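Have a look at the structure below before the remarks.
Derivation of every value follows stated rules applied to the coordinates shown; laboratory data play no part. Everything numeric here is computed off the predicted structure, so don't read it as measured data. Quick reminder, even Gly has a Cβ in these numbers, built from the backbone with ideal geometry, and neighbours come from all protein chains shown.
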Amino acid sequence: MKQGLPKWMVAVALLLPALLARAQTNDPLPAETRLVALGTAPAATEESFTISSAEDLTVTLTDLKTPQALASATVVVTQGGAIVQIATGNAATTLAPPATTATVTIPGAVGQYTLRVFGEPNASFSVGTFSVCVAPTSNPSNCIPNASLVGNISAQSTAADPTISTLSVNLTVTTAGTYTVTFADDGFPTKLNAAPNLALFQGSLPLPNGLGIQSGATFNLNLGTYTLLAIAQADPTVKAGLYGISISGPAGVAPLINGTFPVGTLTPASQTTNPSAQMLTLKVTDFLFPAALASARGLVTSGNTVLGTTASGGGAPTSFAAPAGPLQVWSFGTPGTDAGTYEIDLNSSSANLLTSAFGIANTNSFSFAYVTSALSAGSYQAAAGDFGVPAALQGLTFAVAQNAVILQKSAAAAIGGTVNFTASASPVVLLVDAQVPAAGNGLFGVSVQAQGSTSLLFDKAQGVTTSGLFDTQVLNLGTTGDFDVMLTDLKVPGQFQDLDLVVSQGSVALGKDFGGAPFSFSATAPGTYQLTFIATPAAQQHYGLYAVAVVYSAPTVTLTASPSTLTTGAATTLSWTTKDATSCMAGGGNWTGSPAVGSGSISLAVPATTTYTLTCTGPGGMTAKSVTVTATAPAAHSGGGGEIDVSLLIFLTAFGLVQEIRRRMLLHP
C-alpha cells in the first residue's frame, strides 16, 4: 500500500508560503546607524558606497594639514545597524596629532556601507581638510572612486568660541578666465567683529595671493576644482552675524558662488521663491508668548544682495523691490525677561510667499514655534503632552496662532492638554513653552487634528535639553499591528551617559525605552509615527553613534485544553488566541487544517495521550504553542455482571431516597 508524505514534510509544505512571505517583508525600519552631535559640534561628513563582490578593503584617513593640522578626526564604517567588525575590534579609528594617517580594515567586504568622518578642527584656524581612501588591501593606494572622498572639518560655531564660523566650498571652473572675489558684511543683526578672512586653494596649496583675500581681488583661474575657505567672527555680545560672497567671471558665465552665509548662532535662512519681479512686504510679529522679546528682526537676501530688513516692536512692515527667483529670509530674536516666540511673513500684493515662526530660549525655559501646512476652514483641536523621558518637564504651555494673531492658549497651570480653535483656510502656528526638568533633558509631543477626527494633520516630537543629544525621524507604517523597537549604543567615539527612545503619535507616547532596553508598541492605524532619540553625552563627548531598528513583532499564540486529563475516547476542548498572525496550522492527532486567526475553539475526541500544536505565522515570523492532553484507560470493575449503566444507578439511588422519605412520613405523621 502506498504511504503518504510524512507529517513533518506536509507541515513544511503548508508553512512554506508564509515563510517566504516573511522573507520578503520589509520591516518598518531595518537596523540602521545614526550619528548625533551637539549643536556646537562641527558637522560630520557622511558617504555611502557599495562593494559588489567580496574583497578585503583598507580604509585610510589622512590629515591634509590644510590650512593647518586637525586637532582630531575619527573615521567609522558601518553596515546596517552595526559597526563593521574586524578581527581585532571594529572598523573605527581616531587620528590624533602628531599622526597624519590612520587605517582600518574590512575583511571580505561586500554590500552597502556608510562611512562617517567627524572630529575637531585646529583651534587657531577652525578648519582642516582630510581625505579618505577606500582601496583593496592588496593595493591600498588604488582608491575606489565612489567610496573615497576629500572633506573638511570646520567649526560652525565652535564650543570654544561660538562667535566663530567657517565656510568651505568646492568650486568648479569650466571656463578659464579672470574671476573677481567680492564680499561684504551685511550688518545683521549687527556688524561682524572683523571682516571675513577668505582663502582660495587648488588641491592642498593656496593660490598666489590666495590667503587673506581682499574684496575686489582678481584671480586667473584655469579649468579645474578649487576650494574656498572663509572664516568670520560675530560680535562677542550678540554672537550672530551675516555676510555675502560672490565670485564672478567672464561675461555670460554663472558666478562660481553667489550667496549669503551665517556666522555664530544666527539661524539658517528660510527659503522661498519669488515667481516674478515685484514689490514684496516683510513683517515681523512678536507673539508676547510666553513673554515679550527684547527684539526680533528679519532680513531678505537674493544671492549676496540684501533686499530689505525690518524689526518687531511696533515697527511698520518694510516694502522693497525683489527680483524673480530664490530668496532667503533671515531672522534673529533676543529674549526679554523670559523665553519668547515670533513670526516672519513675506507677502506680495496677492499672495503669502513665506510664513516662518521661531522660539527663543532663556535660561531653563525653551520656546518653540511650528508652522503647519495649510488647513481648510473649520474646527480643530491642538494637543501637547509631556512624554516624561527621561524626566518630567517642570512646565508645558502652548498656544495656537493664525495670521499673526493668537487664537487660543492652554491653561497656564496645566502640563500640556488640548485646546479647540476655529481656523481659516491657511497654515496655523503652534507655539510651545517648555520648562526643562531638573535632570536637564525632557521630551514632548504636539499635534493638530480636525475636531471629531483621529487623523493627525500635524505631529511633532521635540526634545528639550540644555546639553543633550537629540534626534528624531518619521516612521511610516502602512499597516496596523505590534512592533518591536531595539536601540543600541555603538560607543563611538564614546559611550553615552544615558540614552532613551520614544515612539509617539501626537501628544501620546506609545512606547518608551530607558537605557537601551528593547520595547514594543501597538499601531492601531496606518500612518506616520515619531521616533525620537534623546541622550546625555559623557563629559567632553560631542558625538555619538547609535543603532535603531523597528521590526514586526512575532505572533503571540496561546493554546489550552480543557480538560487536559481524561478517559480514553472522551472529548476535550482546544481553545486558542493569536495576535499579529496572518495564518495558522493545526497539528497533533486528528487536529488538522488552518484554524482561524484571532481566537477559536474546537472539541475533539482523544483516543490516546496526544500533543496538539498550533503554529502561526505573520510579518514578524513564526510562533508555535503546544499542549498535551493525557488520556487514561477506564477503571476496571469486578463481579462479572458487567458495568451498571450510569442512568440506572441514578434512578435506583433516587428511588431509594423517595422510599426513605415516605417511610419517615408514615412514622411521624
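Modelled spin labels at Phe514 and Thr567, positioned 7 Å past Cα toward Cβ, are 5.6 nm from each other. What residues have an amide H closer than 5 Å to that of Asp235, excluding those fewer than 5 places away on the same chain, when H is modeled at 1.01 Å from N in the peptide plane? Close amide H contacts, sequence-distant or interchain: Asn193, Ala240.
Each residue, Ser594 and Thr50, gets one label point 7 Å from its Cα in the Cβ direction; the gap between the two is 3.5 nm.
With the helix formula -39500 (n - 2.57) applied to DSSP H stretches of n ≥ 4, the chain reaches a computed 222 nm mean residue ellipticity of -2000 deg cm²/dmol. If R0 is taken as 30 Å, the Cβ-Cβ distance between Thr334 and Ala123 corresponds to a FRET efficiency of 0.60. Computed from Cα positions, the angle between helix 646-667 and the longest principal axis of the chain comes to roughly 60 degrees. Cross-link partners for Lys409 among the aspartates and glutamates, with Cα-Cα distance under 15 Å and sequence neighbours closer than 8 places in the same chain left out: Asp433. Each of the peptides 93-101, 527-535 was scored by the mean count of other Cβ atoms within 10 Å over its residues; in descending order, highest first, they stand as 527-535, 93-101. For the stretch 326-350, the residues whose backbone nitrogen is under 11 Å from a point 7 Å from the Cα of Asn258, taken along Cα to Cβ, are 326. For the pair Ala539 and Ser276, the difference between a 0.36 nm per residue extended length and the Cα-Cα distance amounts to 89.5 nm. Only one residue of Phe496, Ala570, Thr560 has its Cα farthest out toward the positive end of the dipole of the stretch 483-618, where Lys and Arg carry +1 and Asp and Glu -1 on Cβ, and that residue is Ala570. Each residue of the stretch 178-193 is assigned a 3J(HN,Hα), and the resulting list reads 8, 10, 10, 9, 10, 8, 7, 6, 7, x, 10, x, 8, 5, 5, 5 Hz, derived from the Karplus form 6.51 cos²θ - 1.76 cosθ + 1.60 (θ = phi - 60°), x at Gly and Pro.
Once the C-beta distance of Asn146 and Ser467 is scaled by a Förster radius of 45 Å, the resulting FRET efficiency is 0.75 to the nearest 0.05.
In order along the stretch 452-463, the phi-based Karplus estimate (6.51 cos²θ - 1.76 cosθ + 1.60, θ = phi - 60°) of 3J(HN,Hα) comes to x, 10, 9, 7, 7, 8, 8, 8, 9, 9, 9, x Hz; Gly and Pro are listed as x. Distance from the Cα centroid of the stretch 222-245 to that of the stretch 571-620 is 70 Å (rounded to whole angstrom). Between the stretch 498-550 and the stretch 249-325, the alpha-carbon centres lie 36 Å apart. Can you pull the one-decimal nm distance between simple spin-label points at Ser248 and Val405, each 7 Å off the Cα toward Cβ? Distance between the two pseudo-spin positions: 4.5 nm. Report the calculated FRET efficiency for Thr556 and Ser453 (r = Cβ-Cβ distance, R0 = 35 Å), to the nearest 0.05. Efficiency at R0 = 35 Å is approximately 0.70. Each Lys and Arg adds +1 at its Cβ and each Asp and Glu adds -1 at its Cβ; summed about the Cα centre, the chain shows a dipole of about 1120 debye. Working ranking of peptides 605-611, 225-231 by packing, defined as the average number of other Cβ atoms within 10 Å per residue, highest first, is 225-231, 605-611. Can you bin every Cα-Cα distance in the stretch 469-600 into 10 Å intervals starting at zero and give me the percent of pairs per bin, rounded to whole numbers? Percent of pairs per bin, in order: 10, 30, 22, 16, 12, 7, 2, 0.
In a solvent-free Debye calculation with one equal scatterer on each Cα, what is log10 I(q)/I(0) for the chain at q = 0.05, 0.08, 0.10 Å⁻¹, listed in the order of the q values? Normalising to I(0) and taking log10 leaves -0.38, -0.79, -1.12. One chain, two ends: Ala624 and Ala195. Fully extended at 0.36 nm per residue, the span grows by 147.3 nm beyond their Cα-Cα distance. When the pairs Lys579/Lys625; Lys460/Lys512; Lys65/Lys239 are compared against a 19 Å limit on Cα-Cα distance, Lys65/Lys239 fall above it. Which residues in the stretch 442-479 have a backbone N closer than 19 Å to a point placed 7 Å from the Cα of Ser522 along the Cα-to-Cβ line? Hits in the stretch 442-479 for Ser522 at 19 Å: 454-455, 477-479.
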